[in-house]
1. Can you tell me how many residues within the range 7-29 are part of a helix (DSSP H, G or I) and over 28 Å from the mean Cα position of the chain (by Cα)?
2. What are the pairs with Cβ atoms under 7 angstrom where one residue, in the range 40-59, is within 14 Å of Lys22 (Cα to Cα) and the other, located anywhere, is at pLDDT 95 or above and among the polar types (S, T, N, Q)? Sequence gap at least six, or different chains.
3. Just to be sure I understand, how many residues within the range 30-54 are over 27 Å from the mean Cα position of the chain (by Cα) and open to solvent by 60 Å² or more (accessible area, probe 1.4 Å)?
4. Considering every residue within the range 104-122, establish whether at least one is of a type in the set (Val, Ile, Thr), closer than 19 Å to Cys37 by Cα and surrounded by 13 or more Cβ atoms within 10 Å (Cβ to Cβ).
5. If you check Lys146, Lys119, Lys138, which single one turns out to be touching a residue at least 24 places away in the same chain (Cβ under 8 Å) and over 12 Å from the mean Cα position of the chain (by Cα)?
6. Scan the range 108-126 residue by residue and report those that are in a helix (DSSP H, G or I) and either closer than 12 Å to Gly140 by Cα or modelled with pLDDT of 95 or more (or both).
7. Of (1) in contact with an Asp or Glu (Cβ under 9 Å, 6 or more places away or on another chain); (2) more than 30 Å from Gly39 (Cα to Cα); (3) among the hydroxyl-bearing types (Ser, Thr, Tyr), Thr99 satisfies all except one. Which?
Amino acid sequence: ATDAFIAMLDRLCDENKELVAKEAKQLTKSETSAVRCAGLRLELRAEGTEGISTMTKALRDRDAEYRNTALEYGLKYCGPTALDAMAKAMSRLSYDGQTDVVRWIGIANAQNYTDVVLKKLKKSSGTLLSESIIAAAKLGGEQSLKALVAMLGTQNAEEAKNALYFFNGDLREAMVQAQFRRQESGDKLTSNSIEACHTQRLRQGAGTHFF
């Protein structure tokens, strides 16, 4: 019966957004996670660009599935300001909530929010750090590149190397930066950075090595 009701609200949404938003809000009060998530999705769809506050409130929820529903459908229905709202909400979110936002910034390839990701990369640990490393590689860009290359000589070197395999950009530039940094400090280019560069080139279909 609940599934049929949700399907009905989906059909009605374009015709009567106000009614759907009201009924969807009631669904979010369910004790069943899947029903709550369906309700949130419908509420965000019905509210459209006015659903920013609904989305940010959901980001503080304890249920990971509910938070991720807010992120996925907030990005889909709430318009271009959704990412701004996510970034501004970061300081008020739990550790897990921040981790979710960083992950979705990477998924959305939201390069304008690279600074949000790099801040967490430099000042976090555990899962949040891991997701920040992955997101930085997905976003690409000079600042992400510098941050990841700098991690190759740390205890997080393996994670940084694995992320660089799939870096959104050409790792030849990374190698130039890494070589310069190592020469300044009197060290040699790390084997991790060389391996990452070779692997990325192979994945891109270029089988020749240039070190």
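The values are calculated or read from the model by the stated rules, or taken from the named source; none is laboratory data. Only a predicted model underlies this, so the values are computations on that prediction, with no experimental measurement involved. Cβ placement follows ideal geometry from the backbone for every residue including glycine, while neighbour counts extend to all protein chains displayed. Just the protein is used for accessible areas: all its heavy atoms, side chains included, with ligands, DNA and RNA removed. Shrake-Rupley method; radii C 1.70, N 1.55, O 1.52, S 1.80 Å.
1. 12
2. Leu40/Thr28; Leu40/Thr69; Arg41/Thr69; Glu43/Thr28; Glu43/Thr54; Leu44/Thr54; Glu47/Thr54
3. Of the range 30-54, the ones over 27 Å from the mean Cα position of the chain (by Cα) are 30-31.
Remaining after also requiring open to solvent by 60 Å² or more (accessible area, probe 1.4 Å): 31.
Qualifying residue count, the range 30-54: 1.
4. Here is the first cut: in the range 104-122, the residues of a type in the set (Val, Ile, Thr) are 105, 107, 114, 116-117.
The next check asks that each one be closer than 19 Å to Cys37 by Cα; those that pass are none.
There is no residue in the range 104-122 that is of a type in the set (Val, Ile, Thr), closer than 19 Å to Cys37 by Cα and surrounded by 13 or more Cβ atoms within 10 Å (Cβ to Cβ).
5. Only one candidate qualifies: Lys146.
6. Once the filter is applied, which keeps residues that are in a helix (DSSP H, G or I) and either closer than 12 Å to Gly140 by Cα or modelled with pLDDT of 95 or more (or both), the range 108-126 yields Gln111, Asn112, Tyr113, Thr114, Asp115, Val116, Val117, Leu118, Lys119, Lys120, Leu121, Gly126.
7. (2) is the only condition that Thr99 fails.
Every residue, every condition in (1) touching a Phe, Trp or Tyr at 6+ places or on another chain (Cβ under 9 Å); (2) crowded, with 20+ Cβ neighbours inside 10 Å; (3) outside any loop (DSSP other than H, G, I, E, B); (4) modelled with pLDDT under 90, yes or no:
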residue	(1), (2), (3), (4)
Leu148	yes, yes, yes, no
Glu159	no, no, yes, no
Gln183	no, no, yes, yes
Thr199	yes, no, yes, yes
